[in-house]
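Notes for the one structure printed next.
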Amino acid sequence: MMPLPGIYFRVQNTKLLKGELVSDIHITRELLRAVLAGEVPPRLLIEVGLKHLTAVCPFCREEYEAFVREPRTASGNYDAAFRVLPALMDRHRGEYAEADRVARRDLRALLKLPHLERLQKIARAVSRFRGATLAALLLDESKACLPGDPHGAYELAEAAEAVLLRTPIDQAIGLMARSAAYFGNALRLLGKPDEAKERFRQARAFIRNGGATDPHILAEVDWLEGALHMDRRRFAQAEELLSRAVALYAVSGDREQSARPLLTLGSMYYYRGDYLEAIQTIRTALALLPQETDPRFYLYCRYNLAFFLAEAGEYQAAAEELAAHRHLYRDFPDEHTTLHRRWLEGRIAAGLGHLDEAEQAFLIVREGFIARGSGFDAAITSLELALLYIREGRTAAVRQLAEEMQPIFAAEDVHREAVAALLLFEEAARRDELTVESVEQLARYLKAARTDSTLRFKAS
């Protein structure tokens, strides 16, 4: 079982201070390394340093504010220019409003079409379906597809890229980096880490060579590439990128957005086995994020908090967290969210000793995952069922589970090494040789092997 996807402010060795937020940002090793590698522009160090100094040093703040208040002396008379400026701003405001209206009209037209027709329509258009505004809207739609629909996210990122290829390069470069990162993230969730890595390499090339400097885009690339490193169990690299992402969001003045890499960081701590850190990190994310800002993302944070509590053996606390926010799930009745909620309910029921309730939940969830072609999730649910049956001495039920594994073997997301491990489970079940320890060992392997097709199962 996995947390739902999506960090924190640096304080003493990159740890959270008991979940508290700090009010300032700092020049971190991650930022310095990124500047040295050409991955973020040097001017960001000036912005971070200035914000830090004016926040913590009264003298620096007073001097800076006095400087801002000083009258400027320069050659030439700018009075006329300043009088014209409001009129120019009004005109451009109108131009931006019209561009937004046209882009939203084009977006509605594209979203009505199947993927291939959408790409063809963009390719055939003479003047429509181009521009940074439309591309940004398509990328927002791509982002909204996740985590439940990575195929949809990939297709919308491809449409955004097609639009950007018909957009002047000076308007497109930052969004090209963002588009490449969205491709990479969708490929990550589709179980294609090597292709994802190549897309992130492209995103870095756009940043390094194309001059993309928007802190939001730089933060987003760091966040999503950090998630890829997390999946591949490269925890040090993941932590560095995620730390940098939150610093960049802070530079941009958007602390709410740092809740997103915080969610990913919580998942990273979970995979590393640091359940307490995972719980503290998610609570920090929730403190940053008002529910109304992004209700679905807020729900994912709430889900992950309950999930991590259950993983830490705090089943009663997990049940209370889930019950207190059950109303949130009613607003998002999609299959992905519903299956994961039901799965978590089953795990909590098992932990509290309500075995009949747990069995019913696992059976429903397992069938749902098989129907969706989610082989890894179906396999892990099967192992959880097997653990229930073994503890109850129901060997016939374990054997029946083994006989029903074929759809899981055939699922596209279950790679060869995982199938080999599940075949060992099937054979041991038929011989009534499974133990609680052997099934728990296999479950741990599957959670790690989901994103690493080279990892082999070694039975102890």
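Only the coordinates and a few stated rules stand behind these numbers; no lab work does. The structure presented is a predicted model; accordingly, all values stated were derived computationally and were not measured. A quick note on method: Cβ atoms are made from the backbone with ideal geometry, for glycine too, and the neighbour counts reach across all protein chains shown.
What does the charge count around GLU404 come to, taking other residues whose C-beta lies under 13 Å from its C-beta (Lys +1, Arg +1, Asp -1, Glu -1)? Could you put the intermediate results ahead of the total?
Working: positive: ARG366, ARG399, ARG430; negative: GLU367, GLU403, GLU426.
Once positives and negatives cancel, what remains is 0.
Convert each backbone phi in the stretch 131-147 into a coupling constant with the Karplus relation 6.51 cos²θ - 1.76 cosθ + 1.60 (shift: θ = phi - 60°), then list the ³J(HN,Hα) values in order as whole Hz, x for Gly and Pro.
Once θ is set to phi - 60°, the couplings for the stretch 131-147 become x, 5, 5, 5, 4, 5, 5, 5, 5, 4, 5, 4, 4, 5, 6, 9, x Hz.
In whole Hz and in residue order, list the ³J(HN,Hα) couplings for the stretch 267-284 that follow from phi through the Karplus curve 6.51 cos²θ - 1.76 cosθ + 1.60, θ = phi - 60°; x for Gly and Pro.
Coupling constants for the stretch 267-284: 5, 4, 4, 4, 5, 7, x, 9, 5, 4, 4, 4, 5, 5, 5, 5, 5, 5 Hz.
Calculate, in whole percent, how much of the Cα-Cα pair population of the stretch 267-354 lies beyond 18 Å.
Details: 1623 of 3828 pairs.
That tail contains 42 percent of the Cα-Cα pairs.
Specify the inter-centroid distance of the stretch 368-426 and the stretch 229-305, based on alpha-carbon positions, in whole Å.
Each part reduced to its Cα centre gives a spacing of 31 Å.
How large is the direction-averaged shadow of the alpha-carbon convex hull of the stretch 345-393, in nm²?
One quarter of the hull surface, i.e. the mean projection, equals 3.0 nm².
So if we plug the beta-carbon distance of ALA323 and ALA459 into 1/(1 + (r/R0)^6) with R0 = 60 Å, what FRET efficiency do we get, rounded to 0.05?
Between ALA323 and ALA459 the formula returns 0.95.
Across the stretch 399-405, in residue order, what do the Karplus-derived ³J(HN,Hα) couplings come to in whole Hz, using 6.51 cos²θ - 1.76 cosθ + 1.60 with θ = phi - 60° and x for Gly and Pro?
Running phi through 6.51 cos²θ - 1.76 cosθ + 1.60 with θ = phi - 60° gives 5, 5, 4, 4, 6, 9, 7 Hz.
Debye calculation, C-alpha points only, no solvent: report log10 I(q)/I(0) for the stretch 138-200 at q = 0.12, 0.13, 0.24, 0.25 Å⁻¹, in the same order as the q values.
-0.26, -0.30, -0.91, -0.97
Report the local net charge at TYR271: Lys and Arg +1, Asp and Glu -1, summed over other residues whose C-beta lies under 12 Å from its C-beta.
In short, +1.
Computed over the Cα atoms of the stretch 341-460, what is the convex hull's projected area averaged over all directions, in nm²? Intermediate results must be reported in sequence, preceding the final value.
On the way: hull surface 26.8 nm².
Convex hull of Cα atoms, orientation-averaged projection: 6.7 nm².
Compute, for the stretch 335-460, the length of the dipole vector about the Cα centre, with Cβ point charges of +1 (Lys, Arg) and -1 (Asp, Glu) only. Units Debye, rounded to 20. Kindly include the intermediate steps, with their values, before the conclusion.
Details: 16 positive and 21 negative charges, 58 e Å.
The dipole magnitude comes to about 280 debye.
What is the log10 of I(q)/I(0) for the stretch 380-448, computed with the Debye formula using one identical point scatterer on each Cα and no solvent, at q = 0.16, 0.28 Å⁻¹?
Each listed q corresponds, in turn, to -0.47, -1.44.
Apply the Debye scattering formula to the stretch 320-409, with a single equal point scatterer on each alpha-carbon and no solvent, then give log10 I(q)/I(0) at q = 0.16, 0.21 Å⁻¹.
Debye intensities relative to I(0), on a log10 scale: -0.65, -1.02.
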